[in-house]
Amino acid sequence: MVNKDANDYLQKGQYGVKQTLISERKEFMGSLRERVYLTARLEQLSQENALQAFHDEFQKHPDGHLLLNGTFGMDSFDAYIKESKSAGIPFTLVANEYAQTSPYAIIYTASTAVDEPIIDLAKKYPLPLKSEPQQKSQKKSFFKRFFS
């Protein structure tokens, strides 16, 4: 019994504390998939409904925490930081090895498991379809009707 505890202590000292689901933690900036409300990639932040989507999530889940990827420029996050401050949501700028491996720019998380089925911004809050202007039906000229 004593040998196992000493061995565990030496292992922790040599390799660090064991972590669960390392690949998930790398993807979600240190958090787990089961704790995520909403994610957004850098190219999605410029969509017209992105800020409103995070505002809606802040209203639905006021107990969350916003994670910002520190490898991207801070000017991309200004509006989201202001929105989180006005909603009273704490935020963290993640600039460790998890931020370097994460494909996401912003992640809104919980402290416990919430198991949201859809967490991607584009799927959870799709852009409204723009109706294309209908072209006026042009009458074919006299010659095109007969020779085409």
Exercise for the section: Scan the stretch 64-76 for residues that are touching a residue at least 24 places away in the same chain (Cβ under 8 Å) and either out of contact with any Leu (no Cβ under 6 Å at 6 or more places or on another chain) or over 19 Å from Gly30 (Cα atoms) (or both) and report the count. Expected result: 7
Exercise for the section: Could you grab me the full set of residues in the stretch 2-54 that are of a type in the set (Val, Ile, Thr) and over 15 Å from Ile119 (Cβ atoms)? Expected result: Val2, Val17, Thr20, Ile22
Exercise for the section: List every residue pair whose Cβ atoms lie under 7 Å apart, where the two residues are 6 or more positions apart in sequence or sit on different chains, the first residue falls within the stretch 89-110 and is in contact (Cβ under 8 Å) with a residue 12 or more places away in the chain and over 19 Å from Leu121 (Cβ atoms), and the second residue, located anywhere, is assigned to a loop (DSSP other than H, G, I, E, B) and open to solvent by 60 Å² or more (accessible area, probe 1.4 Å). Expected result: Gln100/Thr71
Fill in the blank from the handout: For the stretch 21-39, pairs from a residue that is over 24 Å from Asn49 (Cβ atoms) and in contact (Cβ under 8 Å) with a residue 12 or more places away in the chain to a residue that is open to solvent by 70 Å² or more (accessible area, probe 1.4 Å) and of a type in the set (Asp, Glu), with Cβ under 7 Å and 6 or more apart or across chains, are Glu34/Asp115
Exercise for the section: Kindly establish whether Ala6 is of a type in the set (Gly, Ala, Ser), over 22 Å from Glu97 (Cα atoms) and surrounded by 10 or more Cβ atoms within 10 Å (Cβ to Cβ). Expected result: yes
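The values are calculated or read from the model by the stated rules, or taken from the named source; none is laboratory data. Since this is a predicted model, take the numbers as computed values, not measurements. Using ideal geometry, Cβ is built from the backbone for each residue, glycine included, and neighbour counts are taken over all protein chains shown. To get the accessible areas, we keep the full protein, side chains included, count just its heavy atoms, and leave off ligands, DNA and RNA. Shrake-Rupley method; radii C 1.70, N 1.55, O 1.52, S 1.80 Å.
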